[in-house]
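All remarks here apply to the structure that follows.
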Amino acid sequence: MVNTSMSIERSILFCFLIFSRIFANELQLNTTSGRFNGKEVILNNIRVRQYYGIPYGEKPGRFEMPILRKYNSSINDATQRPAGCLQAAGGLSYGPFELSDMYEEDCLTLNMFIPKTRSSAPKAIMVFCHGGSNQVGSASLFDGSAVAAIGDVIVITINYRLNILGFLTPGPEIMPGNYGLHDQILALQWISMNAKSFNGDAKRLTYIGHSAGAANAVLLAMSKRSDGLITRVIAQSGCPLNQW
């Protein structure tokens with residue numbers, strides 16, 4: 001005699017496993033740095049995929065130029081807010097996010113917020129550079145989910161080296177400095193290289209900066225090193241002509 005209850009339970013379990021696998025694959029992102037599992041939230045009735053701490057660069061040597069992250073064949077977790085780069089004492093906080101004790105040197109990472117909508121056309125990309133006088137701050141102080149959902153755009157926030165490790169120079173003949181700016185260029189290159197993997201349009205990339213991040217955005221847009229990487233700039237409360 002067939003146990004009907006047992007058969008139903010097995011059928012339900014089988015369906016659950018199948019849909020779980022499909023859902024997991026849908027949230028998995030394959031990049032030049034490796035494969036990453038993200039998570040999903042619903043805002044304004046729109047599903048937004050979140051990926052935290054995807055590395056775009058290798059752990060940088062002190063006062064050395066950044067290099068692209070090598071591919072990691074394992075499946076990596078990208079659901080937790082990553083540490084920011086080493087910085088000046090005191091840190092920086094905005095709203096509900098307090099990350100004053102989350103700093104490390106292997107910090108060349110970015111966070112991604114990708115809306116899932118009916119349109120299959122590649123989406124415009126908004127890359128955000130945090131402020132903090134180029135001495136403090138973190139990409140993880142900002143949640144791009146709401147902007148992604150309402151604007152139907154891909155939002156990316158980036159970490160870059162700060163303070164002494166990012167900008168110290170005793171003179172170009174000894175140490176050129178501006179490593180934090182070179183980190184940002186590398187992040188933009190990584191985004192351009194991987195745009196197709198997350199349905200982004202690399203030809204519609206807007207670089208947004210707040211405070212010192214705004215000055216960085218304008219400086220990078222003026223630099224030949226960013227040719228082909230930046231389409232537009234939004235500078236919020238800062239520019240290269242500020243006294244600081």
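Annotation for the range 142-151: at least one member residue is hydrophobic (A, V, I, L, M, F, W, C), closer than 22 Å to E104 by Cβ and modelled with pLDDT under 95.
Here are S237, S211: which of them is more than 18 Å from the chain's Cα centre (by Cα), surrounded by 20 or more Cβ atoms within 10 Å (Cβ to Cβ) and under 28 Å from I114 (Cβ atoms)? Of the residues listed, the single one that is more than 18 Å from the chain's Cα centre (by Cα), surrounded by 20 or more Cβ atoms within 10 Å (Cβ to Cβ) and under 28 Å from I114 (Cβ atoms) is S211.
The residue list G166, G238 contains one member that is farther than 28 Å from N45 by Cβ and in contact with a Ser or Thr (Cβ under 6 Å, 6 or more places away or on another chain), which is G238. Any residue in the range 127-143 that is free of Cβ contacts under 8 Å to residues at least 40 places away in the same chain, at positive phi and surrounded by fewer than 21 Cβ atoms within 10 Å (Cβ to Cβ)? No; the residues of the range 127-143 include none that is free of Cβ contacts under 8 Å to residues at least 40 places away in the same chain, at positive phi and surrounded by fewer than 21 Cβ atoms within 10 Å (Cβ to Cβ).
Residue pairs whose Cβ atoms lie under 6 Å apart, sitting 6 or more positions apart in sequence or on different chains, and linking a residue in the range 43-66 that is in contact (Cβ under 8 Å) with a residue 12 or more places away in the chain and surrounded by fewer than 16 Cβ atoms within 10 Å (Cβ to Cβ) to a partner that is among the acidic types (D, E) and outside any loop (DSSP other than H, G, I, E, B), are R47/E40. Among the residues making up the range 107-120, those that are in contact with a strand residue (DSSP E or B) (Cβ under 8 Å, 6 or more places away or on another chain) and outside any strand (DSSP E or B) are C107, L108, T117.
Scanning the range 147-177 for residues that are touching a strand residue (DSSP E or B) at 6+ places or on another chain (Cβ under 6 Å) and surrounded by fewer than 20 Cβ atoms within 10 Å (Cβ to Cβ), we see that the one that is farthest from P60 (Cα to Cα) is D152. Quick one: would you say L205 is buried (at least 19 other Cβ atoms within 10 Å of the Cβ) and closer than 11 Å to V127 by Cα? Judged against the criteria, L205 is a match. Please tell me if G84 is crowded, with 22+ Cβ neighbours inside 10 Å, at pLDDT below 95 and over 22 Å from D201 (Cβ atoms). Criteria met by G84.
Scanning the range 99-141 for residues that are in contact with a Gly (Cβ under 7 Å, 6 or more places away or on another chain), over 26 Å from Q28 (Cα atoms) and modelled with pLDDT of 90 or more turns up H130, G131, N134, V136, G137. The residues of the range 10-57 that are of a type in the set (D, E) and at pLDDT 85 or above amount to a single one, E40.
The values are calculated or read from the model by the stated rules, or taken from the named source; none is laboratory data. Because the structure is predicted, anything quoted here is derived from the model rather than measured. Please note: Cβ atoms are built from the backbone with ideal geometry, for glycine as well, and neighbour counts cover all protein chains shown.
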